[in-house]
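Scroll down for the structure; my scribbles are underneath it.
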């Protein structure tokens with residue numbers, strides 16, 4: 001049997017999906033097919049491209065319950081939430097990019113000049129290679145796939161080995177919508193063959209979402225070629241709870257922002273700084289709400305917190321917690337209150353740590369799990385200093401009733417997105433981007449199309465005989 005990928009379900013540790021890996025020759029053939037298909041696709045009127053993407057999202061919504069259950073079995077998020085990734089967030093982003101496309105992809109006019117016709121046209125790049133992760137496998141992938149297709153590119157998708165059925169769902173959805181053959185393809189690839197495809201002459205842009213280490217591997221693989229890279233990498237996203245906030249709202253939002261999807265979100269909240277004037281009340285409310293989570297079998301409708309993606313990931317977070325406690329942190333939520341929590345398993349109870357500082361790994365190193373550190377602070381200046389004390393900069397958030405203060409503080413924080421009174425959300429009309437080790441490039445919004453096209457200037461002079 002050829003090499004294969006094996007999706008081990010975090011629910012019970014059993015094999016759920018196995019798929020053969022594409023060979024180097026099969027990958028090269030797919031790339032050749034994509035290049036030929038793109039030549040015709042780029043000439044397809046934009047209105048037709050938009051209609052096909054609309055048909056795609058309709059086809060996916062029609063299957064959202066089945067796809068949601070498959071997603072739960074692949075990566076462990078409770079089934080009460082997974083269908084909404086398809087019917088909620090993915091549908092919202094697809095339809096918003098369809099709405100923005102005519103203006104974002106239209107010719108750019110310049111000032112009139114007698115005897116000349118001048119404009120800038122946005123040409124598609126060619127073939128876009130999308131490498132997508134398991135944690136939000138529909139949302140992260142659609143950020144690049146749909147805008148790339150709307151812009152006239154062909155797309156090859158390589159999905160995480162943990163979520164191979166998501167790639168196949170994308171393929172089936174576009175087929176149902178009538179997308180021409182070869183314009184969108186999927187490949188199950190090894191890491192080595194993924195890097196080889198990045199380095200291939202036929203790939204014109206790579207959209208990668210994953211770890212910082214994976215981002216470096218993509219950059220190295222593409223280093224001999226002048227192609228664009230979109231890199232969405234790690235995060236250690238902070239929140240600042242100011243003294244003038246709506247405290248109940250802050251508690252509710254931040255518990256969800258820290259623990260939804262078992263904390264496995266690059267833009268989830270991983271550290272919280274709370275003004276001393278509201279610190280005690282905030283911590284009490286946060287702990288009380290955290291204790292209401294139901295950790296268990298994610299296929300049961302009452303479960304609100306499922307397993308982490310694998311036992312090794314849970315053990316990594318347990319190690320961070322143990323190190324912090326050894327250094328003086330206090331854990332305020334007893335894991336014995338969560339029957340499913342079991343050392344050595346993927347099931348990990350939510351943890352709330354106080355008396356933490358930036359000498360502890362849990363406050364500086366990406367956790368990607370259900371743990372949060374909460375620090376008491378005295379001022380806006382201290383909050384800014386601590387929020388910026390990170391190698392990452394994807395999102396950051398503030399809870400306050402003072403909009404002008406929020407803007408002023410946000411101007412000082414190194415981040416791609418600055419929220420007030422919300423977190424862990426991508427608005428498709430705003431640019432999704434990061435700074436420092438959170439990556440480079442941009443998806444979503446009008447600006448996202450600029451990374452998937454190249455400007456071509458038309459300078460036409462009229463002559464007289």
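The values are calculated or read from the model by the stated rules, or taken from the named source; none is laboratory data. This is a predicted model, so every value here is computed, not measured. Neighbour counts are summed over all protein chains in view; Cβ atoms, including those assigned to glycine, are modelled from backbone coordinates with ideal geometry.
Remarks
- A count restricted to region 274-293 and to residues that are surrounded by fewer than 24 Cβ atoms within 10 Å (Cβ to Cβ) and in contact (Cβ under 8 Å) with a residue 40 or more places away in the chain stands at 9.
- In region 216-227 there is at least one residue that is within 18 Å of the chain's Cα centre (by Cα), assigned by TED's automatic domain parsing to the domain that holds residue 139 and not in a loop (DSSP other than H, G, I, E, B).
- Within region 248-262, tally of residues that are more than 17 Å from residue 78 (Cβ to Cβ) and in contact with a strand residue (DSSP E or B) (Cβ under 8 Å, 6 or more places away or on another chain): 4
- Any hit, region 79-95, residues being at negative phi and touching a strand residue (DSSP E or B) at 6+ places or on another chain (Cβ under 8 Å): no
- Of residues in region 336-347 being closer than 18 Å to residue 368 by Cα and touching a strand residue (DSSP E or B) at 6+ places or on another chain (Cβ under 8 Å), the one surrounded by the fewest Cβ atoms within 10 Å (Cβ to Cβ): 341
- Criterion: surrounded by fewer than 17 Cβ atoms within 10 Å (Cβ to Cβ), assigned by TED's automatic domain parsing to the domain that holds residue 205 and closer than 30 Å to residue 303 by Cβ - qualifying residue of 74, 65: 65
- Any hit, region 86-97, residues being farther than 18 Å from residue 453 by Cα, loosely packed, with under 14 Cβ neighbours inside 10 Å and within 25 Å of the chain's Cα centre (by Cα): no
- Counting the residues of region 198-213 that are in contact with a helix residue (DSSP H, G or I) (Cβ under 8 Å, 6 or more places away or on another chain) and part of a helix (DSSP H, G or I) gives 1.
- Taken as a whole, the structure places residue 259 among residues that are part of a helix (DSSP H, G or I) and surrounded by 23 or more Cβ atoms within 10 Å (Cβ to Cβ).
- Filter pass, residue 398 being surrounded by 20 or more Cβ atoms within 10 Å (Cβ to Cβ), touching a strand residue (DSSP E or B) at 6+ places or on another chain (Cβ under 6 Å) and assigned to a strand (DSSP E or B): yes
- Qualifying position, being part of a helix (DSSP H, G or I) and either at pLDDT below 95 or within 24 Å of the chain's Cα centre (by Cα) (or both), among 339, 312, 322, 346: 312
- Subset of region 401-414 [touching a residue at least 60 places away in the same chain (Cβ under 8 Å) and either over 26 Å from the mean Cα position of the chain (by Cα) or at positive phi (or both)]: 401, 402, 405
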